[in-house]
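The numbers here are math on the coordinates, done by the rules we state, and not lab data. These figures come from a predicted structure and were not determined experimentally. Please note: Cβ atoms are built from the backbone with ideal geometry, for glycine as well, and neighbour counts cover all protein chains shown.
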Amino acid sequence: MYLSEAKKGETIKILSIPNEIIRAQAIRFGISEGSIVTCDSLIPSGPVILRKNKQEIAIGYGLAREIVVEGI
Amino acid sequence: MAHCHTASMKIELPEHGRKIVLAGNPNVGKSVFFNELTGVYVDVSNYPGTTIDISYSKVGEDLVIDTPGVYGISSFNDEERIARDVILNADIVVNIVDAVHLERDLFLTQQIIDTGVPMVVALNMVDEAKSQGIKVDRDLLEHLLGVPVVETIAIAKKGMDELKSTINNAQTGTISHNNLKDKLVRMKAQVACQGEALLILEGDPVIAQKHGIEPGHDREEIYLNRRERVNDVVGHVVTLSQEGVDFKTKLGRWMITPITGIPILLGVLYLMYLGIGVFVAQTVVEITEEKIMAGIYEPFVQGLVSKFIELDSWLGYLLAGEFGVLTMTVTYVLGLLMPLVVGFYSFLSFFEDSGYLPRLAALTDKTLARIGLNGRAIIPFILGFGCVTLATVVTRILGTERERRIAIFLLALAIPCSAQLGVIAGMLGGLGGPYIALYVTVIFCILAIVGTLLNRFLPGKSSDLLIDIPPLRFPRMSNVFKKTFNKSYAFLKEATPLFALGALLISTMELTGLLKAVQNLLAPITVGWLSLPKEAATAFVMGIVRRDFGAAGLTELTLDPFATVVSLITITLFVPCIAAILVIFKERNKKEAAIMWFGSIFMAFLFGGIVNKLTGLFTNEINGIWFTILVFIGATILTPLFSKIKFSKPASSLSEEG
């Protein structure tokens with residue numbers, strides 16, 4: 001499934017991130033393909049807030065629709 | 001010491017001095033360290049080709065240089081390019097890391113270690129980490145990184161002396177991966193500098209071009225190995241003793257969730273209104289603009305000029321006349337603009353340091369995405385209500401040219417700046433509910449309609465939001481003041497010549513009779529299409545000089561309430577002030593700027609006329625007004641639907657930096 005379909009509080013594994021530059025920036029924030037993260041909160045058709053330990057990042061809806069994840 | 005020579009800043013360096021560079025992620029308390037390590041005398045220098053200023057200070061023989069907060073160094077944006085150049089030129093890097101966010105911060109640490117520059121790590125905010133149940137093994141961290149690590153609590157000035165003495169023991173640390181070590185050795189043979197070798201391997205186009213080498217394709221591999229290394233280090237040195245959600249974390253979530261976030265935003269905007277709209281724009285500006293500049297400064301300058309030149313001569317008029325370079329420009333910049341810009345930047349710096357800004361960006365992202373922007377664009381839009389010229393410059397933070405194009409046009413078209421807002425609010429205030437509703441609805445709907453259409457028809461893709469949400473913290477006020485000062489100074493320095501040039505242009509137009517000619521040219525449209533008196537055209541043209549002049553010009557005409565609203569809508573949409581026009585020409589190419597300029601004039605008359613004609617369909621004016629409001633709301637709802645029906649909208653995604 002795509003990240004945009006994740007539910008609040010769900011723990012997910014990132015399978016693929018499109019676009020090389022987005023991947024590079026996500027790696028800097030600590031999130032790469034294979035990372036296990038929590039979907040902290042989300043705004044319907046809006047950004048998804050991911051958390052990994054103490055690190056939180058906001059991902060816009062357009063991008064969240066292209067990131068492939070799986071529920072754990 | 002073999003460091004790389006890429007710097008383009010002209011800073012004088014003592015012969016035996018070392019360059020000590022402070023580096024770290026945004027909001028880790030870097031500037032507190034800078035203040036602690038340096039003395040009273042700090043120089044600020046603009047980095048060529050950017051709006052970013054770098055602070056530096058001589059300490060004995062050494063030079064201490066600050067860098068913008070970044071998550072990594074590369075050519076992704078101006079901040080990173082500057083940090084890259086300054087760090088590659090460093091003799092020693094003092095890397096400040098947030099003990100609460102080691103996983104994020106150590107990526108930059110490890111990247112700098114990989115550049116081969118000797119380094120000291122300041123493990124900051126150990127107190128906050130402790131209170132959150134995070135324990136960091138300093139000795140082990142030092143051992144694993146291969147560089148000295150000093151525990152600090154910068155705001156309490158703890159660990160500073162130890163840090164200062166440790167700087168002399170800076171070490172080159174452990175490279176993140178053995179593969180990288182080999183690659184660096186090979187690349188270094190070609191470029192003689194490990195830092196540049198690293199960036200070429202990571203595909204940095206600027207550094208690669210400098211050496212005439214093809215940029216490398218190993219960034220992803222290097223990044224992943226470095227991330228793995230960092231996670232491994234963090235896994236070894238950090239122990240979490242409690243997993244709980246404290247109040248700050250909860251508050252942070254409330255700020256993002258719309259149901260709680262919107263009331264919080266409204267509260268914040270109300271505070272801004274009290275602080276800037278009431279206190280600065282009225283109380284302070286009355287003193288600075290009316291009493292000091294218009295009351296004391298202008299008569300003084302006119303007296304001074306009249307000793308050498310006749311004030312009635314053309315030169316006298318250009319210098320000290322109604323729109324004079326020495327009179328109006330100085331009064332406008334120092335008396336009106338400076339207090340407002342300082343006011344807006346104090347709030348913005350406070351939001352930035354407290355961690356509210358990224359949350360606001362997340363909250364508004366969904367709405368802004370409809371007009372082809374992402375949440376980060378909320379910053380120029382807030383600033384636009386202060387000064388559109390300022391906001392136009394700040395659109396540089398947006399990820400793509402497409403977003404800048406949309407944001408700049410919408411700012412120029414539909415955002416009234418604070419100077420104009422003051423006059424508009426005064427004129428609308430006495431009119432009553434339906435008239436106010438008409439003005440607000442029409443302007444808002446035009447913003448939404450034009451934004452949606454631009455997003456639909458402009459080629460290219462806008463970037464998606466991808467930002468770090470830092471922890472909420474109460475900002476250190478001295479830091480907020482310093483930031484406000486630096487940013488306001490940088491903007492005024494950049495904008496003042498534009499305001500002066502604008503004043504010269506307007507004075508010349510007045511002297512040559514061009515201003516009158518333009519007014520006469522606009523008169524037929526004003527009378528026939530907008531049903532306004534001929535003199536309103538004068539107010540529109542004066543709005544080019546200063547937006548509030550235009551609006552104020554309307555108060556001198558005797559207009560009925562409906563004509564007042566039509567003229568206010570027109571003048572809001574009508575071109576921004578001359579400085580904003582010039583800044584658009586500076587930021588965009590000539591053709592695009594001209595399209596924006598004429599486009600906003602055209603739309604001002606188009607929409608002003610539509611409001612006039614729609615309302616005129618009814619004999620009862622109030623009924624007409626409600627009808628017009630409904631038409632505009634309907635059009636706003638239908639615009640996105642129409643653009644979806646006719647064409648399928650392409651999905652958008654591109655680079656974005658947090």
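Full extension of the chain segment joining residue B:292 with residue B:476 gains 63.0 nm, where the gain is 0.36 nm per residue of separation less the Cα-Cα distance.
For B:317, B:270, which order do you get if you count the other beta carbons within 10 Å of each Cβ and list the fewest first?
Details: B:317 19, B:270 11.
Placing the least packed residue first, the sequence is B:270, B:317.
When only the Cβ of Lys, Arg, Asp and Glu is charged (+1, +1, -1, -1), the dipole of region A:3-71 relative to its Cα centre reaches about 200 debye. Contact order for region B:258-646, expressed relative to its length and based on alpha carbon pairs under 8 Å spaced 6+ residues apart, stands at 18 percent.
Packing around the peptides B:518-528, B:359-369, A:15-25, taken as the average count of other Cβ atoms within 10 Å per residue, puts them in this order, highest first: B:359-369, A:15-25, B:518-528. Between the Cα long axis of helix B:433-457 and the first principal axis of chain B there is an angle of about 50°, rounded to the nearest 10. Legend: mean number of C-beta atoms from other chains within 10 angstrom of residue C-beta atoms, peptide A:35-42, equals 2.
Peptides B:189-195, B:326-332 ranked from most to least packed by the mean count of surrounding Cβ atoms within 10 Å: B:326-332, B:189-195.
The alpha-carbon atoms of the protein assembly as shown define a convex hull whose volume equals 176 cubic angstrom per residue.
Across region B:114-130, coupling constants 3J(HN,Hα) worked out from phi with the 6.51/-1.76/1.60 Karplus curve, θ = phi - 60°, read 5, 6, x, 7, x, 9, 10, 9, 9, 7, 8, 6, 5, 5, 5, 4, 4 Hz, and Gly and Pro carry x. Spin-label model, residue B:595 to residue B:396: label points 7 Å out along the Cα-to-beta-carbon direction sit 2.4 nm apart. Normalising the average separation of contacting C-alpha pairs (under 8 angstrom, six or more residues apart) by the number of residues puts the relative contact order of chain B at 10 percent.
Sparsely packed loop sites in region B:273-313 (the chymotrypsin sites (Phe, Trp or Tyr not before Pro) outside DSSP H, G, I, E and B with at most 11 other Cβ atoms within 10 Å) comprise B:308.
Fewest-first ordering of B:101, B:217, B:143 by other beta carbons within 10 Å of each residue's beta carbon gives B:217, B:143, B:101. Scalar couplings 3J(HN,Hα) for region B:402-415, obtained by applying the Karplus form with A = 6.51, B = -1.76, C = 1.60 to θ = phi - 60°, are 4, 5, 4, 4, 4, 4, 5, 5, 5, 4, 5, 7, 10, 9 Hz; x denotes Gly and Pro. Where both residues lie in chain B, what percent of DSSP beta bridges are antiparallel, nearest 5? Of the beta bridges lying entirely in chain B, close to 45 percent run antiparallel.
Note on region B:258-646: Cα Rg divided by 2.2 N^0.38 Å, N the number of residues, gives 1.00. Between helix B:418-429 and chain B there is an angle of about 40 degrees, using the helix long axis and the longest principal axis of the Cα atoms. Annotation: the residues B:33, B:323, sorted from fewest to most other C-beta atoms within 10 Å of their own C-beta, follow the order B:33, B:323. Once the C-beta distance of residue B:138 and residue B:192 is scaled by a Förster radius of 30 Å, the resulting FRET efficiency is 0.30 to the nearest 0.05. Computed from Cα positions, the angle between helix B:477-512 and the longest principal axis of chain B comes to roughly 40 degrees. A simple spin-label model places the labels of residue B:494 and residue A:68 4.2 nm from each other, with each point 7 Å out along Cα-to-Cβ. Remark: relative contact order (region A:3-71) = 42 percent; criterion is Cα-Cα distance under 8 angstrom and separation of 6 or more residues. Measuring nothing but alpha carbons in chain B and taking Rh as the Kirkwood radius, the Rg to Rh ratio lands at 1.01.
Over the C-alpha atoms of region B:19-240, the Rg to Rh ratio, Rh being the Kirkwood estimate, stands at 0.95. Our estimate of slack between residue B:300 and residue B:501, defined as 0.36 nm per intervening residue step minus the Cα-Cα distance, is 70.2 nm. About its Cα centre, the protein assembly as shown has a charge dipole of approximately 1360 debye under the convention of +1 per Lys or Arg Cβ and -1 per Asp or Glu Cβ, with nothing else charged. Based on the reciprocal of the average 1/r between different C-alpha atoms, the Kirkwood radius for region A:3-71 equals 11.6 Å. The trypsin sites (Lys or Arg not before Pro) of region B:252-323 meeting both criteria, a DSSP state outside H, G, I, E and B (loop) and at most 15 other C-beta atoms within 10 angstrom of the site's C-beta, are B:307. With both labels modelled 7 Å from their Cα along Cα-to-Cβ, the residue B:630 to residue B:642 distance reads 1.9 nm.
Summarising the strand pairing of the protein assembly as shown, around 65 percent of its internal DSSP beta bridges are antiparallel. Packing here is the average count of other Cβ atoms within 10 Å per residue, and on that basis the peptides B:53-63, B:16-26, B:117-127, highest first, run B:117-127, B:16-26, B:53-63.
3J(HN,Hα) along region B:96-112, derived from phi through the Karplus expression 6.51 cos²θ - 1.76 cosθ + 1.60 where θ = phi - 60°, amounts to 9, 10, 8, 4, 6, 10, 4, 4, 6, 5, 5, 4, 5, 3, 5, 5, 5 Hz, with x in place of Gly and Pro. Candidate cross-link partners of residue B:30 among the lysines, defined by an alpha-carbon separation under 19 Å and a same-chain spacing of 8 or more, comprise B:19, B:58, B:157, B:158, B:164, B:482, B:483, B:487. Report summary: the helix-based calculation at 222 nm, which adds -39500 (n - 2.57) for every DSSP H run with n ≥ 4 and divides by the residues of chain B, gives -18500 deg cm²/dmol. Candidates A:34, A:63, A:53 compared by Cα position along the dipole of region A:3-71: farthest toward the positive end lies A:53, with charges placed on Cβ.
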